[in-house]
Amino acid sequence: MDKKVAIVGLGYSGFGSTTPDLSYREMIFEAATKCYQDAGGIHPQSIDSFVASSEDFMEGISIADEYVPDQLGAVLKPVHSITGDSLQGLASAMMQIKTGQQSIVAASAFSKVSNLSNHDGLVTYATDPFYIRPFNENPYFIAGLEMNRYLHETGTTREQCAKVVIKNRSNALNNPSALYGARIELEDVTEAPVLSYPLGIYDMSGHLDGSIVVLLASEERARELTDKPIWIKGIGWATDTPNLDSRIDGMGSAVYARLAAQKAYRMAGINNPFNEIDFAEIDDTFSYKELQHLEALNLCGPGEAGKLLELGCFAPDGDFPVNVSGGSLGGGYLHEANGLQRLMETVLQLRGEAGKRQLHDVETGLAFAWRGIPTATGAAVILSTRP
Amino acid sequence: MRKVAIVGAGMTKFVRRALETPKELSYEAAKITLDSCGLTLEDVECIAHGTAPDAFDGLHQNGEYMVDGCGGWNKPTMRVYVGGGTGIHAVVHGWHHVASGLFDTCLVVCEEKMSSALPHAQAFFLTIFDSITERPLEPNLLWIFALEMNRYMERYGYTKEDMALVAVKNKLNGLKHPASQFTEEVTVEDVVNSEMMAYPVSRLDVSPVSDGAAALLLVSERVARRLTDKPVWIEGVGWSLDTAYWATRDLYYPRYTDTAARMAYEMAGIREPDKEIHIAEPYDPFGYKALHHMEGLQLSPRGKTVQLLHDGHFDIDGNLPMCPSGGLLGVGNPIAAAGTMKVCELFWQLRGEADGRQVPGNPRLGVAQSWGDLMQVSSVVVTGI
């Protein structure tokens, strides 16, 4: 239990709305090569184990696990796939090191969503085949219902949700790998065409292609590989039911986020997350999700996130910067790699490598990812510059 | 390294067409497992689950859909996936949860419902091939296994009759398994004369399409001592994935099984596996595969395996009983659940609870192995008491 685990390498590739010059495997190869270079030029033969996060239907391949090893340099090595968010994949990698059987483990994830001709149709295939799918509805009705319920229960306003979009897309202008940076006005969001009431089209993040590979190591190996290890202090993940009608707290609150964060905070010894954590990269697949997650993660009370947002608390120069990178609304949504994207931005900030968006004096950060509709699965990670 | 014990096991009957939904199958296996050690879902901290291609159920993010069936509702739940190898890999995955110190109890549940794939689950395997170089040829899974079987036979001069003997023996063992899908003995002639699928694979060389689920409860040493005086310890785990370019490999020897087994034996401190191990549950979706894997697992010298098979070395009362459960050929092959069933079998055998198929002589160490993806992955678990 006392074994400490650090992130010692990071590489990414792609990050465009389409990537016609790269197949998904080339994209992963590029990210992996950069990651290994970042970890002192480690040879993949020296890596003990590999974890990929993927979903078959997203790749158009049954058993997508088959095509993992070659581009990672992982042939005839321990490799497995987690069909979950890439932060769950990260948890799997971390657990392997904590068992003591492995010392260095790579975790990878990618999105090649531009290859999909009908992504929304695919999301429909994740809904219940008997009770939901026969409606043959645009699946975003689930996000519309959730948003409406959340606004109703907490008194959060439609405008406050729109302000999340304004903040994140403006933050994205300082991030060269963010795709959707823009200066927009409140009316641009609130008066945009409605996707599913009250959710408008700008309340939803855009698609992004990209691949991210990170390298984890035990304490002793971490010191050999890098002089700027970022330590994983706590990790947690949880799943509520995917059935819309049997969620324990209804659709207004993100129970999965609360449970995942409880586990991560306990492991990291954090009692007051708002004071003990310096900044966060939090899932904002939809605008309301950022606020809902902030509350579920116990960073503020129910109904407070929107008000604190308006007071500038979550701005880059606020008390608790959230999604300084631009999040998914400003950067684009990486699907299964969403978690690693949140993690990557947290690591860059902690290493002091975030360029124009760099925050000052940060040593503890939180990354949180959600798997998107219709799931109720989330994972949280606490990272720190101190072991 | 933190010790991890198996304290409960359970499985549904393996059948051609279950009336239960995948969730209900998962529920049944999980419930039997918890009941077997007197626990409830409240005692379980996390779930490690597995199921093979999403295409069978026609569900995107199938792992999420399974959650409330296998007890993962409002718990840390993570699905692991290595194709056909998932069944045993889920046990490795569960071991990670407990051995890492993050959890003390982990319920491992694997489920497969293949019958909902119409007209036949085999059709969905077209989409496992490389979309540019292989899929246009419209390959079938049986074809590449036929290539592998042919190469294996040709390398050592084995005959189709030799390979058929595995199906005969495993199906005989399976008759004593209460969850088995089969009801009658077959002979070598039956197997050889059954319908030719793709030379040299005949219909009875192949394990059947099945529906079913299996589950195990893994706990830390502290919890195990409180729950039972007969814990079965996970002594070693190993897994390995070979290149996706299967056509570039010499198929006569499963290198991936070799590396995975060595990893597990190293952890378990086993130096001479063929002498130290008492029970082997190699993955046997096809007759030849059991022998192929016995060689990869270092349990039989390469090229001598058929002789040992003929000599009764692998019989229930032989020196190294192979697939005493009946394996996939004898019980059924609901892909992910079939692997977990093999670890369930080791659990029952090592505790002396395997009734009519009990291996004599108080076996103390067993190995189970599964295989999957494009003939490229092996997961190995060594258990002992």
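Read-outs: derived from the displayed coordinates by stated rules, not from any lab. A quick note: this is a predicted structure, and the numbers were derived from the prediction, not measured. Every residue, glycine among them, receives a Cβ derived from its backbone with ideal geometry; neighbour counts consider all protein chains shown.
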Average projection area in nm² (convex hull over Cα atoms of the range B:9-83, one quarter of hull surface): 5.3 nm²
Degrees, to the nearest 10: A:338-351 long Cα axis against longest axis of chain A: 70 degrees
Sparse-neighbour loop sites [chymotrypsin sites (Phe, Trp or Tyr not before Pro); the range A:123-168; at most 14 other C-beta within 10 Å; DSSP]: A:PHE130, A:TYR131
Rule-of-thumb Rg ratio for the protein assembly as shown [Cα; 2.2 N^0.38 Å; N residues]: 0.93
Calculated P(r) of chain B - Cα pairs past 42 Å, %: 5 percent
Most fluctuating residue given options A:ALA107, A:ALA126, A:ALA280, as computed from a GNM of chain A linking Cα atoms under 10 Å: A:ALA126
Length-normalised contact order of the range B:241-372 in % [C-alpha pairs under 8 Å, at least 6 apart]: 29 percent
Low-density loop cleavage sites - trypsin sites (Lys or Arg not before Pro) in the range A:135-234, where at most 11 other Cβ are within 10 Å (DSSP): A:ARG183
Within chain B, longest stretch free of exposed GluC sites (Glu not before Pro) [DSSP loop, at most 14 other beta carbons within 10 Å]: B:1-183
Three principal axis lengths of chain A [C-alpha, angstrom, descending]: 53, 45, 38
Peptide A:66-77, shielding by other chains (average Cβ, 10 Å cutoff): 6
Helix A:287-296 vs. chain A, principal-axis angle (Cα, 0 to 90°, nearest 10): 70 degrees
Cα centroid of the range B:1-79 to Cα centroid of the range A:33-67, whole Å: 27 Å
Quotient of Cα Rg and 2.2 N^0.38 Å for the range B:268-362, N being how many residues it contains: 1.03
Convex hull volume per residue for the range B:1-140, taking Cα atoms only, in Å³: 121 Å³
Rounded to whole Hz, the Karplus (6.51, -1.76, 1.60) HN-Hα couplings of the range B:140-147, x for glycine and proline: 10, 4, 4, 5, 6, 6, 4, 4
On Cα atoms only, tilt of A:158-172 relative to the major axis of chain A in degrees: 30 degrees
log₁₀ of I(q)/I(0) at q = 0.21 Å⁻¹ - the range A:224-323, Debye sum with one point per alpha carbon: -1.16
Residues B:ILE132 and A:GLN37, FRET efficiency given R0 of 25 Å [Cβ-Cβ distance, rounded to 0.05]: 0.30
Computed E for A:PHE130/B:MET196 - FRET, C-beta separation, R0 51 angstrom, nearest 0.05: 0.80
The range B:287-329: trypsin sites (Lys or Arg not before Pro) in DSSP loop, at most 14 other beta carbons within 10 Å: B:ARG302, B:LYS304
Relative contact order of chain A, defined on C-alpha pairs under 8 angstrom at six or more residues apart (%): 24 percent
